[in-house]
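Everything below concerns the one structure shown next.
The values are calculated or read from the model by the stated rules, or taken from the named source; none is laboratory data. Here the structure is a predicted model, which is why all the values come from computation and not from measurement. We place every Cβ from the backbone using ideal geometry, glycine too, and count neighbours over all the protein chains shown. These accessible areas exclude ligands, DNA and RNA; they are computed on the full protein's heavy atoms, side chains included. Shrake-Rupley method; radii C 1.70, N 1.55, O 1.52, S 1.80 Å.
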Amino acid sequence: MPEAALPVVNHYVSGAEFVSTSGRTAPVYDPALGVQTKSVALANAEELEVAIKAAKAAFPAWRDTSLARRQQILFTFRELLSSRREELAAILTEEHGKVLSDAAGEITRGLEVVEFATGFPHLLKGEYSENVSTGVDVYSTRQPLGVVGIISPFNFPAMVPLWFFPIAIAAGNTVVLKPSEKDPSSSNWLAALFTEAGLPDGVLNVVHGDKEAVDGLLTSPDVKSISFVGSTPIAHYVYETATQHGKRVQALGGAKNHMLVLPDADLDLAADAAVNAGFGSAGERCMAISVVVAVDPVADDLIAKITERVAGLVVGDGRRSCDMGPLVTEAHRDKVSSYLDIAVEDGATIAIDGRGIEVDGDAAGFWLGPTLIDNVPTSSRVYTDEIFGPVLSVVRVATYDDGLALINASRYGNGTAIFTNDGGAARRFQNEVEVGMIGINVPIPVPVAYYSFGGFKDSIFGDTKAYGPDGFHFFTRQKAITSRWLDPSHGGINLGFPQN
Ligand code: NAD
């Protein structure tokens, strides 16, 4: 179909589609078919301003909407999302490529945050101290910030927006969401569903775009905070720019997650975990395991077990019953597969080569099969770069201490896992490793919704993590009120602090 005849994904502002006239679009592909199926509008500064104005206009009434009413709307949104999750899963598979079961899992993790957010009145409660001085009480409240900006990546087009907007909205803020231009439709679907649940127009707006829209959000005086998730260089840029513009910022970046396998580990469990966490969602997860750190002498046995399991994986169109889908775009697939050449140049061994794999799908799809690279030198870009594809590296080390030192030397600190049957070793690891999310015999330790999500070092900029208690902290600010009600026995002049 000629590009002009393809459907266009437009913005969603004030509870309705907002047709872009910017004249700029980006292609949206069906990665399993390898064809462009839609275009997405790319906002200009004026279009972004319309969305920010809509959010600003909706704020005063929304922040004063009773907690009970806000809670009812959230409950309805939760019910609608739960009952219509298959529709959303189909959109995720069509635009991202992940298999349907994985898309359903993504929605479940997003729903957990909505469920957590429904309990928001408890998290917004302040504190009260009676008689701090005679007849004087002090108490605190947490209030919303105003218009908040959310910028999300391609790899979790539903879950990452759901990490933020239910909490921001529950807390009384209004939102402008800028999703990834690679798989934009799920954000519009979620926003329309929230409208259906009774959310007033303008509380949740979606603006599609690229750097121009992002820069507009980072610099607008009407946007009070930025929640960003994406690659480390962009996260750093977002953090620097938005903080320079006086905003509160949480910017979650990239990752390189290590799995340390000790000699006493259950190697079947470790091999299952390495395959699931290395190749699930084609490795396009910020919590994917990308390096297996094998402590002597486990490497050869572990590689044999991983190879056996990979042989049973079916790669193909996520709408069929496959284990792993394509990569998101052709350019990304080509970039990921170029690391196999780098690996050979740098002296590593390709243990499983995912190029040219047979697929249960269209030959034109953006395929790369599960790939395992052994003896990866830690100086190689295969080790140092975030590859973000189905490429699992093996690094062999002599001792636990060598493995720990390797992990702690990484610039990233998002997730890590240890596989062992030794409780003492696991306890030491959780204490010594410089990483924000740790799994003990669990390969993808994404915290549940009532804890908070975030890493260390170059995996996060800003001191507040996503969702959980940190989420409510981020989207509110505290007021402390000191009050005294007139009592004729108090009065008179006293220039000092009250003493009693
Ligand atoms: P990305 O950094 O390319 O894009 C993220 C967002 O930034 C998108 O909305 C995009 O439109 C925008 N953007 C892209 N280039 C920009 C630029 N030059 N200026 C301003 N904005 C720009 O990331 P991606 O490829 O969409 O997602 C994958 C990355 O996200 C990986 O690095 C992954 O580790 C990371 N990620 C991290 C987490 C986490 O919680 N730490 C979670 C999911 C994904």
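Could you tell me which residue of region 289-321 is farthest from Asp385 (Cα to Cα), considering only residues that are open to solvent by 10 Å² or more (accessible area, probe 1.4 Å) and of a type in the set (Gly, Ala, Ser)? Among those residues, the one meeting the criterion is Ser321. Looking across region 216-235, just one residue is open to solvent by 40 Å² or more (accessible area, probe 1.4 Å) and touching a Ser or Thr at 6+ places or on another chain (Cβ under 8 Å), and that is Thr219.
Taking Ala255 as the residue in question, decide whether it is touching a Gly at 6+ places or on another chain (Cβ under 6 Å) and surrounded by 24 or more Cβ atoms within 10 Å (Cβ to Cβ). So Ala255 does not fit the description; no.
For Val249, are the conditions met, namely being buried (at least 23 other Cβ atoms within 10 Å of the Cβ), within 22 Å of Leu162 (Cα to Cα) and away from the ligand (no atom under 13 Å from the Cβ)? First the steps, then the outcome.
Values: buried (at least 23 other Cβ atoms within 10 Å of the Cβ): yes; within 22 Å of Leu162 (Cα to Cα): yes; away from the ligand (no atom under 13 Å from the Cβ): yes.
When the stated conditions are applied, Val249 passes them.
Please go through region 327-356 and pick out each residue that is assigned to a loop (DSSP other than H, G, I, E, B), at pLDDT 95 or above and open to solvent by 40 Å² or more (accessible area, probe 1.4 Å). Once the filter is applied, which keeps residues that are assigned to a loop (DSSP other than H, G, I, E, B), at pLDDT 95 or above and open to solvent by 40 Å² or more (accessible area, probe 1.4 Å), region 327-356 yields Asp346, Gly347, Asp353, Arg355.
Looking across region 177-194, the residues that are within 21 Å of Phe475 (Cβ to Cβ) and surrounded by 20 or more Cβ atoms within 10 Å (Cβ to Cβ) come down to Leu177, Lys178, Pro179, Ser187, Leu190, Ala191, Phe194.
Where strands (runs of 3 or more DSSP E) fall entirely within region 391-500, those with at least 2 residues that are at pLDDT 95 or above and open to solvent by 50 Å² or more (accessible area, probe 1.4 Å) are at 437-440, 476-484.
A single entry from Lys178, Lys182 fulfils the requirement of being modelled with pLDDT of 95 or more, in contact with a helix residue (DSSP H, G or I) (Cβ under 7 Å, 6 or more places away or on another chain) and of a type in the set (Lys, Arg): Lys178.
Do the conditions hold for Val148, that is, is it within 23 Å of Thr232 (Cβ to Cβ), in contact with a strand residue (DSSP E or B) (Cβ under 6 Å, 6 or more places away or on another chain), more than 14 Å from the ligand (Cβ to nearest atom) and not in a loop (DSSP other than H, G, I, E, B)?
On the way: within 23 Å of Thr232 (Cβ to Cβ): yes; in contact with a strand residue (DSSP E or B) (Cβ under 6 Å, 6 or more places away or on another chain): yes; more than 14 Å from the ligand (Cβ to nearest atom): yes; not in a loop (DSSP other than H, G, I, E, B): yes.
For Val148, the condition - within 23 Å of Thr232 (Cβ to Cβ), in contact with a strand residue (DSSP E or B) (Cβ under 6 Å, 6 or more places away or on another chain), more than 14 Å from the ligand (Cβ to nearest atom) and not in a loop (DSSP other than H, G, I, E, B) - is met.
Among the residues of region 188-231, those that are out of contact with any strand residue (DSSP E or B) (no Cβ under 9 Å at 6 or more places or on another chain) and within 9 Å of the ligand (Cβ to nearest atom) comprise Lys211, Glu212, Asp215, Ser231. For region 423-432, the condition of being closer than 19 Å to Trp163 by Cα and out of contact with any Ser or Thr (no Cβ under 6 Å at 6 or more places or on another chain) holds for none of the residues.
Would you tally the residues in region 99-124 being touching a Ser or Thr at 6+ places or on another chain (Cβ under 9 Å) and more than 17 Å from Leu190 (Cβ to Cβ)? Going through region 99-124 one residue at a time, the tally reaches 6.
Residues satisfying the criterion are present in region 157-169 (criterion: within 16 Å of the ligand (Cβ to nearest atom), more than 30 Å from Pro27 (Cβ to Cβ) and buried (at least 20 other Cβ atoms within 10 Å of the Cβ)).
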